[in-house]
Amino acid sequence: MLLTSTDDSTRSEAKQQGSSSTPAVQSSTPVSEPTADESDAAAKPAQNSVLRSGEGVQMVSDTSLDLDSDAPNWDARTFTHKDTDLYLNSNGFIGGLEAPRLIVTTGEKRSPQTCAAQTALETVIEHDDLRPGVTACVLTTEQRWAWVEVQKYSPDPLKLSVDVIVWSAVASAPEET
């Protein structure tokens with residue numbers, strides 16, 4: 001194979017045309033910086049955007065879930081831990097261990113607006129009230145609204161299957177009762 005030499009100007013032009021590091025052609029139209037409102041909107045998630053959802057999430061007695069978690073199993077743990085959003089134990093289906101964060105919403109539309117419109121947070125749904133179709137809003141430890149719908153419930157052995165939707169936006173919390 002014979003290599004031929006080219007002059008420096010030809011080599012430079014070829015390198016610039018094939019290089020991905022060449023600067024983009026500048027337009028004569030000025031580009032405006034985003035306004036503060038546009039920057040804020042881009043940084044905040046839309047109120048209805050879903051952070052995460054799951055169907056048939058299984059819970060057994062003394063299981064807790066962190067609804068803000070991105071762990072495959074919602075960071076399900078046996079017994080309680082500090083960042084618990086939901087906990088199933090012999091006393092009932094509990095929303096929040098440190099403060100009431102559960103609102104029963106059966107018959108309501110599934111949305112963060114529905115959750116925000118509720119007025120009284122509770123702590124627990126009693127076992128007698130757990131049945132397929134029962135829905136609740138849960139205020140997570142990171143202040144997001146989550147929608148939980150009971151799919152299956154068994155009192156003995158204690159098991160629960162729920163569908164969950166967690167919205168991205170930080171919520172406005174109703175007053176505790």
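The values are calculated or read from the model by the stated rules, or taken from the named source; none is laboratory data. What you see is a predicted model, and the numbers here were worked out from it, not measured in a lab. Using ideal geometry, Cβ is built from the backbone for each residue, glycine included, and neighbour counts are taken over all protein chains shown. The protein model used for the area step is the full one, side chains on, heavy atoms only, and it has no ligands, DNA or RNA in it. Shrake-Rupley method; radii C 1.70, N 1.55, O 1.52, S 1.80 Å.
Below, the figures for the structure above:
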{"item": "Residue in the stretch 144-166 that is farthest from the chain's Cα centre (by Cα), counting only those that are farther than 16 Å from Glu108 by Cα and among the hydrophobic types (A, V, I, L, M, F, W, C)", "result": "Leu158"}
{"item": "Segments classed as strands (runs of 3 or more DSSP E), wholly inside the stretch 117-177, with at least 3 members that are among the charged types (D, E, K, R)", "result": "144-155"}
{"item": "Residues being open to solvent by less than 30 Å² (accessible area, probe 1.4 Å), closer than 25 Å to Asn89 by Cα and at pLDDT 90 or above - total across the stretch 106-136", "result": "6"}
{"item": "Selected residue (criterion: most open to solvent (accessible area, probe 1.4 Å)) from residues of the stretch 82-105 that are among the charged types (D, E, K, R) and modelled with pLDDT of 85 or more", "result": "Arg101"}
{"item": "Qualifying residue in the stretch 65-78 (condition: modelled with pLDDT of 90 or more, assigned to a strand (DSSP E or B) and either over 19 Å from Trp167 (Cβ atoms) or hydrophobic (A, V, I, L, M, F, W, C) (or both))", "result": "yes"}
